[in-house]
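Worksheet: the structure to be examined is printed underneath.
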Amino acid sequence: MLLMSTGLNKSLCKKLCKHLIEAMEKNGNVFENESVSRTIELMLGLKNRKIYSLLVEKFFGSRLLELSQHPIANFAVQKLLLHCEDSEMVRIN
């Protein structure tokens, strides 16, 4: 995450994020693990619209209300909303 925040190698960081998202997706409910949830929070703050959209698609979807009440996931939902640039990025159903 440091690579992206300092702008040293954005391409490498994007590849790493995509790989992490794929690995997390295979492991089931990511919000049961605090470390994984915090990693998602960090990725949401990268200011990368593609990574943000991928995270929304894979882990949040239409579950925002449910996740906002979860003891671990609620922090990721807060980050999701904090870094939402427009209503098209997150659709609440």
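We did not get these values from a lab; they are worked out from the coordinates using the rules stated. As the structure is a prediction and not an experimental result, all values here were calculated from the model. FYI the Cβ positions are ideal-geometry reconstructions off the backbone, even for glycines, and counts take in every protein chain you see.
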Length released on extending from CYS84 to ALA23, taking residue separation times 0.36 nm less the Cα-Cα span: 19.6 nm
Inter-label distance for LYS47 and GLU32, nm, one decimal - labels placed 7 Å from Cα along Cα-to-Cβ: 3.6 nm
